[in-house]
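Below: one structure, written as structure tokens.
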Amino acid sequence: MRYRWLPHSGRRHAIPDELYPGDEGETLCGDPIVPPRNPWQGNNTWATCWECDRVWREREGLRPWPVTC
Ligand SMILES: [Zn+2]
């Protein structure tokens with residue numbers, strides 16, 4: 001499965017890439033989301049959701065990012 005990142009409630013979350021604008025789905029961290037049509041408009045500096053990052057790395061078989069907090 002492929003993913004893409006988009007801003008949602010103050011963080012940059014990952015969602016399945018087949019989730020189209022207007023579809024109901026959820027982020028990798030389990031938040032309900034309906035992707036907007038222009039998610040990055042004015043929103044390109046939001047912080048990463050580390051829970052999405054963790055789940056994404058787990059599913060992709062990547063090593064966890066070394067976060068200390
Ligand atoms: Zn998230």
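The values are calculated or read from the model by the stated rules, or taken from the named source; none is laboratory data. Since this is a predicted model, take the numbers as computed values, not measurements. Positions of Cβ are backbone-derived with ideal geometry, glycine not excepted, and every protein chain shown enters the neighbour counts.
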inquiry  = Checking P66 against (1) modelled with pLDDT of 90 or more; (2) more than 11 Å from the chain's Cα centre (by Cα), only one condition comes out false. Which one?
reply    = (1)
request  = Among what's in the stretch 2-31 and is over 20 Å from G42 (Cβ atoms) and among the aromatic types (F, W, Y), pick the residue that is nearest to the ligand (Cβ to nearest atom).
outcome  = Y3
task = Search the stretch 33-51 for residues being within 14 Å of the ligand (Cβ to nearest atom) and surrounded by 10 or more Cβ atoms within 10 Å (Cβ to Cβ), and hand back the single one that is modelled with the lowest pLDDT.
result = P39
ask   = Does the stretch 3-23 include one or more residues that are exposed (fewer than 10 other Cβ atoms within 10 Å of the Cβ), of a type outside the set (F, W, Y), in contact (Cβ under 8 Å) with a residue 40 or more places away in the chain and not in a helix (DSSP H, G or I)?
value = no
key: Residues (within 13 Å of the ligand (Cβ to nearest atom) and assigned to a loop (DSSP other than H, G, I, E, B)) located in the stretch 52-69   = none
